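Enquirer: Have a look at the structure that comes next, please.
The values are calculated or read from the model by the stated rules, or taken from the named source; none is laboratory data. This one's a predicted model, so the numbers in the text were calculated from it and none came from an experiment. Here the Cβ is made from the backbone with ideal geometry for all residues, glycine too, and neighbour counts use every protein chain on show.
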């Protein structure tokens, strides 16, 4: 038993010493974030728990989902030392799980979404690092850009679809959500707000499809999508509660800018050389 533990320790130490600096940085970021995660969401609430205070009343479902989310994050951090691709996938799933719980189960979890969002990028970078090491054609910078943009967009699309479903299904089914999301869905698709939401979804879908072959057009579409979100939120603040907000939507606009950079850095240069 001691030999097994010793060999495992040596294997992990060898991996730490032999990995490239970028991978090391990602792993240490995950460890530091994990410690903050543990302190802020588990230790600190336990130390300051007041049974009589209504703000500390939590349901069993909230306890179970919070614990499962932390276990998922812990698995992703552990696998970052052993299998970067699997670790990246776990962290992306964890990020999706946080959104799912915040929309359907956790009360007043807006700050949780903001704190969880940055971890999506280490997840994507771990997947990219794995492909660079295992697939020869991903050593080219253009393929690394292409892979990273696609993985990011798949994550954004999953979150967007989740937000749309979370705003529609509970209202249709008459579910009483603890997040009070159903109280925000006071619009109908025949209203101007509903039509703008449909138009935004259509623009995002078009950009998602264009992404696979026409990066320039995809970039322009995503920037137009954000302009629509920004204008509608400015005209009608309720739009931020029932659709993509300007804060999280900003990542889609940045994605669009990255597509423009990709086009002018790689595609246009290749065309000129031909």
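Enquirer: From (1) within 19 Å of residue 102 (Cβ to Cβ); (2) assigned to a helix (DSSP H, G or I); (3) modelled with pLDDT under 85, pick out the condition that doesn't hold for residue 177.
Expert: (2)
Enquirer: Among the residues of region 92-124, write down those that are free of Cβ contacts under 8 Å to residues at least 40 places away in the same chain, over 16 Å from residue 251 (Cα atoms) and either in contact with a helix residue (DSSP H, G or I) (Cβ under 8 Å, 6 or more places away or on another chain) or buried (at least 18 other Cβ atoms within 10 Å of the Cβ) (or both).
Expert: 93, 94, 97, 98, 101, 110, 112
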